[in-house]
Each structure stands twice: as C-alpha cells, then as structure tokens.
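The structure appears right after this line, and notes come after that.
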Amino acid sequence: MGLKKWILSIALILSFSTTYFAQDTNQTVENDSLAPIVYSEANDYIHIYKNRITARLFFVNTSNSLSVIDHENDINYDLAANKQNRIGASLAFRAINISYSFAPDFLSENKDNDDSKLFNFNIRTYLGKHWMQTLEIYKEKGFYIQNDDISFYLPRTKFFKIGGATSYILNENFSFRAIASQDEKQLKSVGSFIPSLVYYYTYYHVIWDMANPEDSIDGKSHSFDIALAPSYYYNFVPTKNLFISAGFSIGLGMHYSKEESGSETSLLSEVNLRGSVNYDIDNLYLGSHYNLLVLNYNTDSAINVSDNIPYFQIFVGYRFKAGRKMIKTADEFNNKLKL
C-alpha cells in the first residue's frame with residue numbers, strides 16, 4: 001500500500017468520524033424531547049468515557065521473526081522480516097477496538113524492500129467487566145536469514161500467523177482499556193492478576209534459491225501453539241494526567257508442527273513483557289507502548305526456536321462524542337445479545 005492509499009484510508013476514517021460525531025460533539029442534550037446521553041461515568045478508580053469513540057493515529061515497529069539455534073551443528077541464525085516501520089489508525093467504541101497498520105515504502109527503513117510485504121491486523125473486545133479477547137493477524141513476505149557471519153535475502157519466503165488470547169481480569173478496579181484503547185482512564189494506582197489462554201497458528205514457506213539447484217531450499221511448515229499464561233499488570237497514576245503501566249506473563253503449553261518430513265510435538269514456553277506511558281489533556285491524549293511476546297519450543301532434540309513478536313508504538317488520539325444514531329444502534333445490538 002502506497003502513500004495515496006494511506007491518504008485515502010485516513011480520509012475514510014475522518015469521513016466516518018464526521019458522519020457520526022457531528023450531531024452531538026458540542027452537546028450532551030440540546031433537545032429536551034430526547035432522552036439524555038451519558039458521556040462520562042466514574043468511580044474511585046476508573047473514569048469511563050462512555051458513548052465516545054476513541055480514534056488515534058500511530059507509528060509502529062513490529063514484525064514476526066524466528067531465532068533458531070542448532071546445538072548439534074553449532075549454528076544459529078535469525079529469520080527476520082524485511083519491513084519494520086509502519087503507520088496506522090484505530091477506532092474503539094464500547095466493546096470493540098479495531099486497528100490497522102501497514103509498512104509504507106516512503107519510511108526510511110522500508111525503502112530497500114525488494115517487493116517485501118508486512119501486514120498486521122488486530123482486534124480487541126471486552127465481554128462484561130472481566131473477560132477480554134484479542135485476535136492478531138501477521139502476514140509477511142521477504143525475509144533475511146542472518147547471523148554474525150552471513151546475511152542473505154529471501155524475497156519469496158512467506159509467513160502467516162493468526163491467533164490471540166482469551167483473558168480474565170480479576171480486579172474490577174483495574175482498567176486494561178486505559179492501556180490498550182484509552183476509552184477509560186485509571187484514576188488510582190492498582191494492579192490485577194490476569195490469567196490468559198494464548199493460541200496461534202503459523203504457516204511459513206521458506207524458499208532459498210542457490211546457484212546449484214540441488215542446494216536450494218523449498219520447505220513448508222504448519223504449527224499450532226497453545227499455552228496457559230498467568231500474568232500480572234500494574235497501572236501507576238503518579239499525577240492526574242500521567243499514566244504508566246507495566247506487566248508480564250510466563251506460560252507453559254504445547255507446540256505442534258507439521259512439515260513434509262513429518263510432525264513434532266514439544267513443550268512450549270511463553271514470555272510476554274508490556275510497558276505503556278500515556279499523557280492526556282481532556283479528550284486529547286498521546287503516549288507509547290512496548291510489548292514483546294516470545295514463544296520458545298524445540299523442533300527436535302537438537303534445534304531450539306524462539307518465535308518473537310516485538311511491538312513498539314507511538315500514538316496520538318482524540319475521544320469524540322458518538323452520535324445519537326450510533327448509540328441507538330449499539331444499544332439495540334446489545335439488547336438483542338442481552339449484554
């Protein structure tokens with residue numbers, strides 16, 4: 001996706017925002033014949049920006065890469081995606097948080113892309129006060145295989161990963177929305193234990209063209225990962241407008257992989273580190289996130305693999321009052337599902 005398509009995407013988001021926000025942006029209720037709309041709720045710990053849509057633009061550096069250690073042959077190498085820097089946008093309303101990002105060629109680190117591609121999509125939703133569901137998709141083409149001695153570009157190598165986590169937030173006074181989507185604000189420092197079930201499906205097709213065709217590599221692999229990952233997060237509120245969050249998880253599970261030569265099942269370990277900083281003035285906010293997910297497993301007794309998903313984001317956003325028609329549609333949807 002080039003610059004023109006990126007501009008078109010922003011225009012569509014702004015058009016969407018204008019259509020729904022214009023009716024009620026400067027009012028809570030101006031027509032007494034209509035029922036009042038509540039735009040803010042708060043208790044001692046959480047301020048809820050109710051019936052508002054939080055929109056933001058962001059710059060992100062993320063990818064999915066593999067680090068391989070072959071103990072038998074004393075070889076280690078990384079299989080890393082070519083494109084790294086990305087820009088994107090997100091919208092959050094009530095239980096849904098959707099974001100989209102892409103790696104444009106005009107960013108400096110992406111210029112030497114050699115027809116590589118990197119696509120990432122994620123969605124987060126909340127069910128009640130405790131349940132949280134995330135879904136992520138990574139699609140990549142064009143990888144470097146490298147270590148301290150060599151670096152080769154594999155332009156036709158492809159990766160596809162889809163998965164996420166089902167999580168349960170034990171402490172009702174802890175706001176994960178304040179971390180992820182900024183449609184809530186943490187008012188007091190508080191932590192929470194959050195057990196999660198993490199699961200991913202990964203497909204990769206490695207193509208390595210050599211001068212001698214007999215030495216060339218053309219291999220496909222499918223893998224499934226599932227792990228139970230208990231985590232702890234703490235939201236620290238040092239001042240009224242400053243918010244700092246940190247958390248981690250350590251989990252264990254199972255890795256299953258299937259290749260043309262056969263299949264393998266091994267123990268899977270999961271480590272996830274997250275940190276966030278956010279500063280807001282009324283409805284305007286800005287901040288940054290860092291997250292690192294590492295899945296470790298063995299493909300056989302001698303080869304260890306680390307599946308790494310680092311994620312760094314800088315963002316700026318604004319909370320808009322949703323229009324009455326949009327709120328009515330959301331209420332009708334919730335009533336049908338008895339939410």
| said: For the structure I just gave you, tell me whether G163 is at pLDDT 90 or above, among the small types (G, A, S) and within 16 Å of T62 (Cβ to Cβ). | reply: yes
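Quickly run through region 250-283 and pick out the residues that are of a type in the set (S, T, Y), assigned to a strand (DSSP E or B) and out of contact with any Asp or Glu (no Cβ under 7 Å at 6 or more places or on another chain). Give the steps one after another, and end with the answer.
Within region 250-283, the first condition is being of a type in the set (S, T, Y), and the residues that meet it are 256-257, 261, 263, 265-266, 269, 276, 279.
Still in the list and also assigned to a strand (DSSP E or B): 256-257, 263, 265-266, 269, 276, 279.
Once the filter is applied, which keeps residues that are of a type in the set (S, T, Y), assigned to a strand (DSSP E or B) and out of contact with any Asp or Glu (no Cβ under 7 Å at 6 or more places or on another chain), region 250-283 yields Y256, S263, T265, S266, S269, S276, Y279.
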| task | Kindly list the number of the only condition in (1) modelled with pLDDT of 85 or more; (2) under 14 Å from Y318 (Cα atoms) that fails for H47. | result | (2)
| message | Tally up the residues in region 99-114 that are modelled with pLDDT of 70 or more and either farther than 30 Å from T134 by Cα or not in a loop (DSSP other than H, G, I, E, B) (or both), please. | response | 4
| query | Can L286 be described as assigned to a strand (DSSP E or B), among the aliphatic types (A, V, I, L, M), more than 25 Å from G164 (Cα to Cα) and within 19 Å of the chain's Cα centre (by Cα)? | reply | yes
| Cross-chain or 6+ apart pairs with Cβ under 6 Å, region 64-80 first and buried (at least 16 other Cβ atoms within 10 Å of the Cβ), then of a type in the set (K, R) | N64/K161
| query | For E140, are the conditions met, namely being acidic (D, E), crowded, with 19+ Cβ neighbours inside 10 Å, at pLDDT below 95 and closer than 27 Å to S65 by Cα? | reply | yes
| task | For residues that are farther than 17 Å from R177 by Cα and in contact (Cβ under 8 Å) with a residue 24 or more places away in the chain, tally how many sit in region 282-320. | result | 18
| Criterion (more than 29 Å from I217 (Cβ to Cβ), of a type in the set (V, I, T) and touching a strand residue (DSSP E or B) at 6+ places or on another chain (Cβ under 6 Å)) met by exactly one of V316, V305, V294 | V316
| Has region 289-308 got at least one residue that is out of contact with any helix residue (DSSP H, G or I) (no Cβ under 8 Å at 6 or more places or on another chain), within 19 Å of L273 (Cβ to Cβ) and loosely packed, with under 15 Cβ neighbours inside 10 Å? | no
| query | Has region 185-192 got any residue that is surrounded by fewer than 21 Cβ atoms within 10 Å (Cβ to Cβ), at pLDDT below 95 and under 23 Å from the mean Cα position of the chain (by Cα)? | reply | no
| Restricting region 275-307 to residues that are more than 19 Å from S65 (Cα to Cα) and hydrophobic (A, V, I, L, M, F, W, C), which is modelled with the lowest pLDDT? | A302
| remark: Over region 287-325, the set of residues of a type in the set (V, I, T) and touching a Lys or Arg at 6+ places or on another chain (Cβ under 7 Å) is V316
| Subset of region 328-339 (residues that are touching a Phe, Trp or Tyr at 6+ places or on another chain (Cβ under 9 Å) and either surrounded by 13 or more Cβ atoms within 10 Å (Cβ to Cβ) or part of a helix (DSSP H, G or I) (or both)) | A330
| said: Show me the strands (runs of 3 or more DSSP E) found entirely inside region 50-97 where at least 3 residues are closer than 22 Å to I179 by Cβ and out of contact with any helix residue (DSSP H, G or I) (no Cβ under 8 Å at 6 or more places or on another chain). | reply: 52-62, 85-93
| The one condition in (1) more than 30 Å from A92 (Cα to Cα); (2) surrounded by fewer than 16 Cβ atoms within 10 Å (Cβ to Cβ); (3) touching a residue at least 24 places away in the same chain (Cβ under 8 Å) that L170 fails to fulfil | (1)
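Considering only residues of region 247-263 that are surrounded by fewer than 18 Cβ atoms within 10 Å (Cβ to Cβ) and modelled with pLDDT under 90, which is nearest to A180 (Cα to Cα)?
My answer is K258.
The values are calculated or read from the model by the stated rules, or taken from the named source; none is laboratory data. Treat the numbers as computed from the prediction; the structure is a model and nothing was measured. Here the Cβ is made from the backbone with ideal geometry for all residues, glycine too, and neighbour counts use every protein chain on show.
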